[in-house]
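Reading through the C-alpha cells given below for one structure.
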Amino acid sequence: MTIQQVRYVIGIAEAGSFNKAAEKLFIAQPSLTSTIHDLENELGIQIFNRNGRGVTLTADGEEFLANARQLYFNYLNVIDRYKNGSQMKKRFGISTQHYSFALKSFVEMVKHFNTTEYEFAIRETRTKEVIEDVASLKSQIGILYLSDFNKQVLQKLMHSKNLIFHPLISCKAYVYIWKGHPLAKHESISFEELEDYPCLSFEQDDNDSVYFAEEILSTNEYHRTIKTNDRASMLNLMVGLNGYTLCSGIISEELNGDDYIAIPFRENDKNINRVMEIGYITKKDFILGDVGTTYIDEIEKYLGIKK
C-alpha cells in the first residue's frame with residue numbers, strides 16, 4: 001500500500017465516483033480503477049461498491065477510510081514540518097458543540113504558546129461533525145455531552161471510530177434567556193411556563209435524530225421552535241423574540257455579554273431534568289502533548305475541577 005493509493009481512496013470517497021475523482025486527481029480513470037483494484041486485492045477487502053450512479057463505501061471501506069484519513073493526516077503533517085529543510089507550523093484544532101467555556105478555555109490556552117509556531121483552529125459545529133473531525137484528526141480534541149438518553153447511540157458511534165470519551169463535569173439543564181425576558185426574575189422555570197416562547201436550538205443535519213441534539217431535553221414536544229447554526233444568532237433571537245434555549249448553565253459573560261442569565265429548569269412528573277455529562281473525546285491511545293494538555297487544564301480550571 002502506498003500513500004498515493006491512500007490519497008486516491010480519500011479522493012474517490014469525497015467525489016462519489018471514479019470519473020469525478022480522476023478529474024480532480026489528474027489521473028486517467030482506467031488507471032485509477034486499476035490502482036484501487038490492486039489495493040483491494042492486496043488488503044483482501046472490497047473498499048467500494050460500484051453502481052451506475054457512482055460508488056459507495058462498503059463496511060470494510062468505511063473502516064479503512066477512517067484509518068486512511070488518519071494516516072494521510074499524519075503524512076501531511078510530517079511533510080509540512082520538514083519540507084525545505086525547515087520546521088513548519090505545528091497544527092492543533094478543537095471541535096466543539098456550542099459552549100462558551102470551550103472557546104474561553106481555547107483563548108487562555110493559546111496565550112501559553114507562540115502563535116508564530118502554531119496554526120490553531122477552533123470549530124463550533126454540529127455534534128456529528130465534532131465526532132467526525134476527531135475521528136479524522138482534523139481536530140485533536142472534541143467537546144460534547146452525553147446523557148442517559150443519547151449515551152448508548154453516541155458511544156456506539158464513537159467506538160466504531162476508535163474514539164474515547166473523557167468525562168469532565170456533570171450538570172442539569174438550565175433555561176438560558178436574556179435579562180429582559182418576562183421570566184427572568186423567576187428562581188426556576190418549568191416547561192409549562194415556557195410554552196408561549198420559542199425554543200431555540202442549534203441545527204443538526206436534516207437526517208439526524210434527536211440523539212445528536214445539543215439541547216438536553218430535545219425529546220420534549222415544543223410548540224414553537226427556531227433553529228440556528230451559530231451562537232451569535234441565538235443570542236439575538238433571545239432578545240428579539242424572547243426566545244430561550246436549554247443549556248448546561250456554564251456560560252461566559254466575557255464572551256456572551258452580561259445581558260443573559262441561566263435559570264434552573266424546574267422538573268415535574270411529566271418533564272424530568274436529565275443530567276448532562278460534559279467531556280472531551282480523543283482518538284484511542286492519542287497523546288495530547290503540551291498544547292492539548294494545556295487546553296484540558298484550562299477547561300478544568302474554568303469549570304472548577306480539582307485534580
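The values are calculated or read from the model by the stated rules, or taken from the named source; none is laboratory data. A quick note: this is a predicted structure, and the numbers were derived from the prediction, not measured. In this analysis, Cβ positions are derived from the backbone assuming ideal geometry, glycine residues included, and neighbour counts consider all displayed protein chains. Heads up: the accessible areas ignore ligands, DNA and RNA and are worked out on the full protein's heavy atoms, side chains in. Shrake-Rupley method; radii C 1.70, N 1.55, O 1.52, S 1.80 Å.
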(message) Being open to solvent by 30 Å² or more (accessible area, probe 1.4 Å) and in contact with a strand residue (DSSP E or B) (Cβ under 7 Å, 6 or more places away or on another chain) is the filter here; which residues of the stretch 263-279 pass it?
(response) PRO264, ARG266, ASN268, VAL275, GLU277
(message) Could you check the stretch 150-161 and list, in sequence order, the residues that are in contact with a helix residue (DSSP H, G or I) (Cβ under 7 Å, 6 or more places away or on another chain) and either in a loop (DSSP other than H, G, I, E, B) or polar (S, T, N, Q) (or both)?
(response) ASN150, LYS161
(request) Enumerate the pairs (first residue in the stretch 254-283 and closer than 22 Å to LYS185 by Cα; second residue anywhere and among the charged types (D, E, K, R)) with beta-carbon separation below 6 Å, excluding pairs fewer than 6 apart on the same chain, so at least 6 apart or on different chains. (result) ASP259/LYS179; ILE261/LYS179; ASN273/LYS172; ASN273/GLU267
(request) Kindly indicate whether GLU119 is of a type in the set (D, E, K, R) and under 20 Å from the mean Cα position of the chain (by Cα). (result) yes
(request) Keeping to the stretch 88-117, report how many residues are surrounded by 13 or more Cβ atoms within 10 Å (Cβ to Cβ) and β-branched (Val, Ile, Thr). (result) 4
(message) Among the residues in the stretch 48-59, are any open to solvent by 80 Å² or more (accessible area, probe 1.4 Å), without any contact (Cβ under 8 Å) to a residue 60 or more places away in the chain and of a type in the set (A, V, I, L, M, F, W, C)?
(response) yes
(message) Give me the residue from the stretch 280-307 that is among the aromatic types (Phe, Trp, Tyr) and open to solvent by 50 Å² or more (accessible area, probe 1.4 Å) and, out of that set, nearest to the chain's Cα centre (by Cα).
(response) PHE286
(request) Name every residue in the stretch 280-301 that is more than 23 Å from ALA66 (Cβ to Cβ), of a type in the set (Ser, Thr, Tyr) and in contact with a strand residue (DSSP E or B) (Cβ under 8 Å, 6 or more places away or on another chain), in order of residue number. (result) TYR295
(message) I want to confirm something. Restricting to the stretch 130-149 and keeping residues that are in contact with a helix residue (DSSP H, G or I) (Cβ under 8 Å, 6 or more places away or on another chain) and either among the acidic types (Asp, Glu) or over 15 Å from GLU214 (Cβ atoms) (or both), which single residue is modelled with the highest pLDDT?
(response) ILE141
